[in-house]
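The values are calculated or read from the model by the stated rules, or taken from the named source; none is laboratory data. Only a predicted model underlies this, so the values are computations on that prediction, with no experimental measurement involved. All Cβ positions, even for glycine, are placed from backbone atoms using ideal geometry, and neighbour counts span all protein chains on display.
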Amino acid sequence: MTEIHALSGAYAVDAVDDLERAAFERHLAECAECRAEVASLRETAAMLAETTAAAPPSALRDRVLADITTIRQLPPEVPTAQPVRRHRVRLLVAAAAAVVLVGAGTAVVVTQPWADETRPPSATVQVLEAPDAQSTTLEFPGGASATVTHSDELDRAVLQTEDMPPPPEGKVYQVWLDQPGKGMVPAGVMPVEEDQTLLLEGDAATATGAGITVEPEGGSPAPTSEPIALFDFGRSA
Amino acid sequence: MEHIRRLGGDAPLPEDGASPPDLADLLKRAGRADETAFAALYDATAARVHGLALRVVRDPAQAEEVTQEAFLEIWRTASRFDPARGSALGWLLTITHRTAVDRVRSAEASSRRDSSYHQQNQPVDHDTTAEAAQASLEAHRVRSAMATLTEVQREAVGLAYFGGYTHTEVAKMLDLPVGTAKTRIRDGLIRLRDAMGVGS
Ligand SMILES: [Zn+2]
């Protein structure tokens with residue numbers, strides 16, 4: 001459900017029940033930020049064991065070394081020629097770059113482009129994988145999050161949401177690009193789904209930011225309500 | 001960053017004072033069915049593996065079984081270790097912890113849950129080998145980092161990691177609203193990570 005990222009610490013130290021573990025592992029498959037966090041928190045937790053060292057009885061060594069001769073080892077993991085997997089690795093690299101770029105000055109909560117399991121159209125993938133891709137993530141109270149990734153080189157931006165609650169009855173979430181001199185220009189209407197990836201319409205290279213508003217079904221030519229999220233592309237500051 | 005290297009490469013000194021074994025290298029060789037490498041890996045890490053198992057399950061006989069089970073799992077899955085994703089020791093202890101937690105959760109009859117975490121929270125005696133000396137240096141570092149946590153973070157992390165309790169159980173034990181213990185655990189671990197300079 002919501003707030004799934006917050007489970008990373010509990011998951012890293014096995015403080016989850018079986019259902020939570022399964023749910024979080026599904027999330028891990030698509031969330032590079034949580035994968036990195038879990039890895040670092042497991043390293044941290046392992047350090048705690050430095051305070052509890054206690055040598056086992058020496059007979060245990062003999063038992064273990066005798067037993068291993070009866071256990072067949074797993075083969076190494078062989079990389080499968082699976083496009084999605086390659087895609088993830090490259091996204092991770094892009095994510096690292098994005099963190100550095102976005103760090104200063106913007107009203108960013110966290111930066112976290114995540115890999116996409118839904119195999120979006122290629123233009124979307126290109127933006128997410130662009131070497132100059134920059135991501136800005138906003139987290140909403142309640143655990144939903146939205147990330148806008150833009151590439152100036154490709155002039156495009158992609159919005160990804162996670163655990164997004166549905167809009168009120170008869171309303172939609174509409175996305176906007178903030179264009180200098182023009183204000184908020186319509187960039188698309190989000191399909192009603194919790195987790196989704198949307199390639200924004202319009203020139204992201206000139207935009208200074210993006211926004212999301214709640215609009216009547218079908219969308220509006222200009223925002224009719226206060227934005228629920230504003231993404232600063234970090235150009236002015 | 002610095003610390004990952006340390007976990008991987010700066011294993012306890014063997015008693016003859018030779019250079020410390022490279023745990024990642026030993027693990028990699030163990031993954032190719034090198035039993036000698038696995039034995040060396042055992043010697044370099046058994047005290048930490050067993051100490052963690054003992055701390056979580058409490059019962060010495062069960063702790064031995066957990067240690068044995070964990071090492072057999074380490075042997076079985078050694079080829080899956082990827083040094084790019086973390087240290088060898090971190091990998092070993094992750095397996096150990098999961099094995100220990102599975103044990104306490106499946107064994108409801110365990111006497112461990114009858115008495116409180118605090119009463120049993122005494123340090124385990126170290127033996128007097130070079131490993132213990134090395135471990136105590138690291139232990140000092142860990143204790144200093146622990147001191148940077150808030151009381152509730154420290155308790156939540158301790159109950160989760162050493163106690164083997166779920167965050168829901170931890171919430172109940174610490175009188176926290178349901179759902180907030182996981183945040184305390186995460187915040188505490190992040191603070192520890194940053195205090196100890198563990199890279200990711
Ligand atoms: Zn996540």
Margin query: If I ask for residues that are surrounded by fewer than 19 Cβ atoms within 10 Å (Cβ to Cβ) and either assigned to a helix (DSSP H, G or I) or more than 9 Å from every other protein chain (Cβ to nearest Cβ) (or both), which ones from segment B:61-88 would you list?
Written below: B:Ala61, B:Glu65, B:Leu72, B:Glu73, B:Arg76, B:Thr77, B:Ser79, B:Arg80, B:Pro83, B:Ala84, B:Arg85
Notebook entry, point to check: Take the residues of segment B:174-200 that are free of Cβ contacts under 8 Å to residues at least 24 places away in the same chain and aliphatic (A, V, I, L, M): which is farthest from B:Arg103 (Cα to Cα)?
Noted result: B:Ile190
Note to self: Could you tell me how many of the residues in segment B:67-105 are within 12 Å of B:Val49 (Cα to Cα), touching a residue at least 12 places away in the same chain (Cβ under 8 Å) and among the β-branched types (Val, Ile, Thr)?
What the structure shows: 5
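Restricting the search to segment B:75-92, which residues are aliphatic (A, V, I, L, M) and farther than 17 Å from B:Pro21 by Cα?
Initially, segment B:75-92 is screened for residues aliphatic (A, V, I, L, M), giving B:78, B:84, B:88-89, B:92.
Hit for segment B:75-92 is B:Ala84, nothing else.
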Margin query: Step by step: first the residues of segment A:160-188, then only those that are of a type in the set (A, V, I, L, M, F, W, C) and at pLDDT 85 or above, then the one that is surrounded by the fewest Cβ atoms within 10 Å (Cβ to Cβ). Which residue is that?
Written below: A:Val185
Note to self: With the structure loaded, tell me whether A:Gly188 is without any contact (Cβ under 8 Å) to a residue 60 or more places away in the chain, closer than 14 Å to A:Pro216 by Cα and within 21 Å of the chain's Cα centre (by Cα) or whether it fails that test.
What the structure shows: yes
Note to self: Taking the condition of being within 11 Å of the ligand (Cβ to nearest atom) and either acidic (Asp, Glu) or in a loop (DSSP other than H, G, I, E, B) (or both), how many residues in segment A:19-56 meet it?
What the structure shows: 5
Notebook entry, point to check: Would you pick out the residues in segment A:8-18 that are within 14 Å of the ligand (Cβ to nearest atom) and touching a residue at least 12 places away in the same chain (Cβ under 8 Å)?
Noted result: A:Ser8, A:Gly9, A:Tyr11, A:Ala12
Notebook entry, point to check: Among the helices (runs of 4 or more DSSP H) contained in segment B:128-199, which hold 3 or more residues that are modelled with pLDDT under 95 and buried (at least 21 other Cβ atoms within 10 Å of the Cβ)?
Noted result: B:130-146
Next item on the list: Just name the residue that is surrounded by the fewest Cβ atoms within 10 Å (Cβ to Cβ) out of those in segment A:189-237 that are among the charged types (D, E, K, R), closer than 20 Å to A:Gly170 by Cα and modelled with pLDDT under 80.
Entry: A:Glu226
Margin query: Going through A:Glu77, A:Glu50, A:Glu37, A:Glu30 one at a time, which residue ends up being under 27 Å from the mean Cα position of the chain (by Cα), closer than 29 Å to A:Leu7 by Cβ and surrounded by 21 or more Cβ atoms within 10 Å (Cβ to Cβ)?
Written below: A:Glu37
Checklist line | Matching residues in segment A:43-73 - criterion: being among the basic types (Lys, Arg) and either farther than 19 Å from B:Thr67 by Cβ or more than 7 Å from chain B (Cβ to nearest Cβ) (or both) | finding: A:Arg72
